[in-house]
Amino acid sequence: MHVIAPSILSADFARLGEEVINVLAAGADWIHFDVMDNHYVPNLTIGPLICAAIRPLTKAPIDVHLMVKPVDRIIPDFAKAGANLITFHPEASEHVDRSLALIRECGCQAGLVFNPATPLDVMDYVMDKLDIVLLMSVNPGFGGQKFIPATLAKLRAARARIDAYERESGRHIRLEVDGGVKVDNIAEIAAAGADAFVAGSAVFGAGSDSDANRYDTVIAALRAQLATA
């Protein structure tokens, strides 16, 4: 099943709870948190308190993408705040295997995030601890960037690794993509192997007052394109 995970980085923070309720009612599957620390990436966004505030509003999975360094200190805080999935960048951890184990010990699904120029090799050694792999299709730090076309080949390579592992182990690992995903390219991205899609400005920037839940039209358009992939 294809998963649509709108990033609240592009939502209206003055009415964040309402935005989350509306986008899920419109048909989104997950809520994606872009957590930035003005250290690993040149921006500062949200922390566990926002996650804890959103958690009572929905039972939908909260997908936390940590763009912070170091990562281990903040993982338990997000788990306690209600995160379901926590991903991080291998460059931000001194011990990737240990950080993945910590996420799972905290009761969350665990994953790695690969920047556009980061090779996929690390994942080969920790497949048994991965529930999700996230490929950045923009350089992390800011919303609204354009999709980097080279990500398509990288998605195909990641999908081949994941499929081979699933055949051997029987475990499914989800392949997520984040950055520049929109209605006119989501089908091509899905065809390259992604099955979860983070979309920020493409969703929250396309709200319509004529939609019952503000985002019905754009979520439906994304679903229609995925159906063609």
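The values are calculated or read from the model by the stated rules, or taken from the named source; none is laboratory data. Given the structure is predicted, the values throughout are model-derived calculations rather than measurements. Glycine gets a Cβ as well: all are built from the backbone with ideal geometry, and neighbour counts include every protein chain shown. We work out accessible area using only protein heavy atoms, side chains counted, and drop any ligands, DNA or RNA first. Shrake-Rupley method; radii C 1.70, N 1.55, O 1.52, S 1.80 Å.
Every condition in (1) among the β-branched types (Val, Ile, Thr); (2) touching a Phe, Trp or Tyr at 6+ places or on another chain (Cβ under 8 Å); (3) open to solvent by 10 Å² or more (accessible area, probe 1.4 Å) holds for VAL35 except the one numbered (3).
LEU120 passes every criterion in (1) open to solvent by less than 40 Å² (accessible area, probe 1.4 Å); (2) within 16 Å of the chain's Cα centre (by Cα); (3) within 21 Å of ARG159 (Cα to Cα) apart from (2).
State whether one or more residues within the stretch 2-18 are over 11 Å from VAL198 (Cβ atoms) and of a type in the set (Val, Ile, Thr). No, the stretch 2-18 has no match at all. Checking each residue in the stretch 130-155 for being in a helix (DSSP H, G or I), touching a strand residue (DSSP E or B) at 6+ places or on another chain (Cβ under 9 Å) and farther than 21 Å from VAL203 by Cα picks out LYS154, LEU155. Checking each residue in the stretch 16-32 for being aliphatic (A, V, I, L, M) and either buried (at least 19 other Cβ atoms within 10 Å of the Cβ) or in contact with a strand residue (DSSP E or B) (Cβ under 7 Å, 6 or more places away or on another chain) (or both) picks out VAL20, VAL23, LEU24, ALA26, ALA28, ILE31.
Against the test of being of a type outside the set (Phe, Trp, Tyr), open to solvent by 30 Å² or more (accessible area, probe 1.4 Å), over 15 Å from the mean Cα position of the chain (by Cα) and over 19 Å from PHE204 (Cα atoms), the options ILE50, ILE74 yield a single qualifying residue, ILE74. Taken over the stretch 107-129, residues that are in contact with a strand residue (DSSP E or B) (Cβ under 9 Å, 6 or more places away or on another chain) and in a loop (DSSP other than H, G, I, E, B) amount to 6. For the stretch 137-148, indicate whether the set of residues that are hydroxyl-bearing (Ser, Thr, Tyr) and open to solvent by 30 Å² or more (accessible area, probe 1.4 Å) is non-empty. Within the stretch 137-148, not a single residue is hydroxyl-bearing (Ser, Thr, Tyr) and open to solvent by 30 Å² or more (accessible area, probe 1.4 Å).
Checking GLY193, GLY170 one by one, the residue that is under 19 Å from ALA110 (Cα atoms) and small (Gly, Ala, Ser) is GLY170 and no other. When VAL41 is tested against the conditions (1) open to solvent by less than 10 Å² (accessible area, probe 1.4 Å); (2) farther than 21 Å from VAL183 by Cα; (3) of a type in the set (A, V, I, L, M); (4) at pLDDT 95 or above, the lone failure is (4).
Considering every residue within the stretch 156-169, establish whether at least one is outside any helix (DSSP H, G or I) and not charged (D, E, K, R). There is no residue in the stretch 156-169 that is outside any helix (DSSP H, G or I) and not charged (D, E, K, R).
The number of residues in the stretch 175-210 that are closer than 20 Å to PRO149 by Cβ, more than 15 Å from the chain's Cα centre (by Cα) and among the hydrophobic types (A, V, I, L, M, F, W, C) comes to 4.
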